[in-house]
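Below: the structure, in structure tokens.
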Amino acid sequence: MSSKQVVLITGSSTGFGRLFTETLARNGHTVFATMRDPGGRNAKNASEIRALAEKESLPIHVLEMDVTDEASVGRAVDAAVAKAGRIDVAINNAGYYLSGLEEAVTTEQAERLMDTNFLGPVRVNRAVLPHMRRQRSGVIMHVSSGAGRVVVPSAGFYCASKFALEALAEAYSYELAGQGIESVILQPGQYETPVFGNTVTAADQARTDTYGAAKEIPAKINGALSSTAGNAQDVADAVLRIIETPAGEKQLRYFISPQNFGLNEINALCKQVQTNMLEAFGLAEDTKFRKGKAAGAV
Ligand SMILES: NC(=O)c1ccc[n+]([C@@H]2O[C@H](COP(=O)([O-])OP(=O)(O)OC[C@H]3O[C@@H](n4cnc5c(N)ncnc54)[C@H](OP(=O)(O)O)[C@@H]3O)[C@@H](O)[C@H]2O)c1
């Protein structure tokens with residue numbers, strides 16, 4: 001694989017996705033910056049990105065992609081492959097935060113959150129993996145969260161969406177290693193992006209109102225998160241380092257955060273338990289990374 005890679009990013013209109021786009025492209029990587037509705041609601045963001053690419057001669061291509069729409073995901077991946085001939089890295093970044101007491105979150109709100117934060121990466125991975133498996137190389141990256149390992153009250157559904165994403169990403173890492181493909185999980189702590197302004201609030205206010213003192217929890221958590229948020233460029237710099245780490249040498253999980261409650265210890269313990277399980281089930285060899293070699297895969 002060339003050291004300069006072809007990278008597809010979801011949710012590139014703002015925040016992390018926008019910074020990943022700019023940081024990776026400034027370092028010579030070709031970026032397909034995908035977003036919802038670049039001709040409408042994101043027209044200003046899309047034209048700013050295109051103007052930056054023009055001004056700095058950066059290899060950035062803006063494409064439309066709504067991760068909740070399988071046809072839209074397929075169109076963007078096909079367009080990227082038609083243009084660049086390959087996809088080396090897919091960054092599943094699109095997502096949003098849902099805040100509120102769990103009982104006050106409606107079923108419809110929960111479904112919508114999972115449709116974006118969890119099923120979005122399912123759709124993207126299913127679209128890019130046939131290309132990566134043909135190439136016998138690639139990276140699927142998953143933007144989880146510290147809240148993909150630690151449970152935050154009033155963020156139960158968000159945590160559930162990221163815990164689900166972590167489970168899927170880890171299972172992928174075992175199944176794809178033999179074909180030279182890496183699955184990587186990024187666990188950012190709280191960082192300054194538009195995420196707080198884009199937060200969806202639990203809709204059932206009548207239930208929230210019956211919770212006494214506990215109904216103050218969401219505001220306390222949101223205040224604590226936004227007042228301690230770090231510089232989001234640190235996360236983009238970490239993503240650059242990860243994708244430039246040689247194939248087979250990447251970690252499964254990267255925790256990057258302005259605050260540390262001991263997540264690396266959870267990751268280390270889980271890694272040991274997972275290794276024990278794989279050995280006990282006779283899967284240690286089957287789940288080892290093999291550069292460019294397919295173990296019976298078509
Ligand atoms: N900032 C943090 O503290 C933090 C910490 C841990 C994890 N994260 C995760 O980081 C990721 C990016 O968030 P951010 O902090 O950069 O916030 P953000 O600026 O709000 O970015 C979220 C992005 O996701 C996009 N998006 C939402 N639904 C989408 C859909 N159906 N299809 C395509 N794109 C969609 C948004 O696009 P539109 O412009 O179209 O709405 C936006 O570009 C999320 O997965 C979030 O959970 C953030």
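The values are calculated or read from the model by the stated rules, or taken from the named source; none is laboratory data. These numbers come from a predicted model, not from an experiment. With ideal geometry, Cβ positions are generated from the backbone for all residues, glycine too; neighbour counts draw on all protein chains shown. Areas reflect the complete protein model, heavy atoms only, side chains present, ligands, DNA and RNA absent. Shrake-Rupley method; radii C 1.70, N 1.55, O 1.52, S 1.80 Å.
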(message) For Val62, what residues show an amide H to amide H distance below 5 Å, using hydrogens built from the backbone and excluding near sequence neighbours?
(response) Ala33
(request) May I ask you to derive the relative contact order of the stretch 190-298, considering only C-alpha pairs under 8 Å and at least 6 residues apart, and to give it as an integer percent? (result) 30
(request) Could I have the simple spin-label model distance between Asp237 and Thr14, label points 7 Å from Cα toward Cβ, reported in nm to one decimal? (result) 2.5
(request) Please work out how much length the chain gains when fully extended from Val151 to Cys270, using 0.36 nm per residue of separation minus the C-alpha to C-alpha distance, in nm with one decimal. (result) 41.3 nm
(message) Can you give me the C-alpha center-to-center distance between the stretch 57-103 and the stretch 122-155, rounded to a whole angstrom?
(response) 12
(message) If you filter the stretch 29-126 for trypsin sites (Lys or Arg not before Pro), then keep DSSP loop positions with at most 12 other Cβ within 10 Å, what is left?
(response) Arg41
(request) Pop a pseudo-label 7 angstrom from the Cα along the beta-carbon direction at both Ala224 and Arg134 and give the gap in nm to one decimal. (result) 4.9
(request) For every other residue with a beta carbon closer than 13 angstrom to the beta carbon of Gly189, add +1 if it is Lys or Arg and -1 if Asp or Glu, then tell me the sum. (result) 0
(message) Could you compute the net charge surrounding Ala110? Neighbours are other residues with a C-beta less than 15 Å from the C-beta of Ala110; K and R count +1, D and E count -1.
(response) -3
(message) With θ taken as phi - 60° and the coefficients 6.51, -1.76 and 1.60, list the Karplus ³J(HN,Hα) couplings across the stretch 15-24 in order, rounded to whole Hz; mark glycine and proline as x.
(response) x, 4, x, 5, 5, 4, 4, 5, 5, 5
(request) Under a 10 Å cutoff between Cα atoms, tell me which one of Gly248, Gly223, Gly120 has the largest fluctuation in the Gaussian network model of the chain. (result) Gly223
(request) Can you work out the accessible area per residue across the stretch 224-298, with the rest of the protein chains kept in place, probe 1.4 Å, in square angstrom? (result) 64
(message) Tell me the mean residue ellipticity at 222 nm calculated for the chain from its helices only (DSSP H runs of n ≥ 4, each -39500 (n - 2.57), averaged over every residue, nearest 500).
(response) -14500 deg cm²/dmol
(message) Using 23 Å as the Cα-Cα cut-off, could you pick out the over-long pairs in Lys4/Lys83; Lys83/Lys162; Lys55/Lys83?
(response) Lys83/Lys162
(request) With a Förster radius of 51 Å, plug the Cβ-Cβ distance of Glu111 and Lys55 into 1/(1 + (r/R0)^6) and report the FRET value to the nearest 0.05. (result) 0.80
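May I ask you to give the percent of accessible area on the stretch 87-149 that is carbon plus sulfur, with a probe radius of 1.4 Å?
Using a 1.4 Å probe with all protein chains present, the stretch 87-149 comes out at 51 percent carbon and sulfur.
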(message) Using a 1.4 Å probe on the protein heavy atoms, what percent of the accessible area of the stretch 186-258 belongs to carbon and sulfur?
(response) 51
(request) For an R0 of 22 angstrom, estimate the FRET efficiency from the Cβ-Cβ distance between Arg75 and Val200 and round to the nearest 0.05. (result) 0.25
(message) If you take every residue apart from Glu166 with its C-beta less than 12 Å away from the C-beta of Glu166, what net charge results, scoring Lys and Arg +1 and Asp and Glu -1?
(response) +2
(message) Starting from the 7 Å offset along Cα-to-Cβ, what nm value, one decimal, do you get for the label separation of Tyr211 and Glu175?
(response) 3.5
(message) Can you give me the long-range amide H partners of Val184? Hydrogens built in the peptide plane at 1.01 Å from N, cutoff under 5 Å, separation of 5 or more residues or another chain.
(response) Ile140, Met141, His142
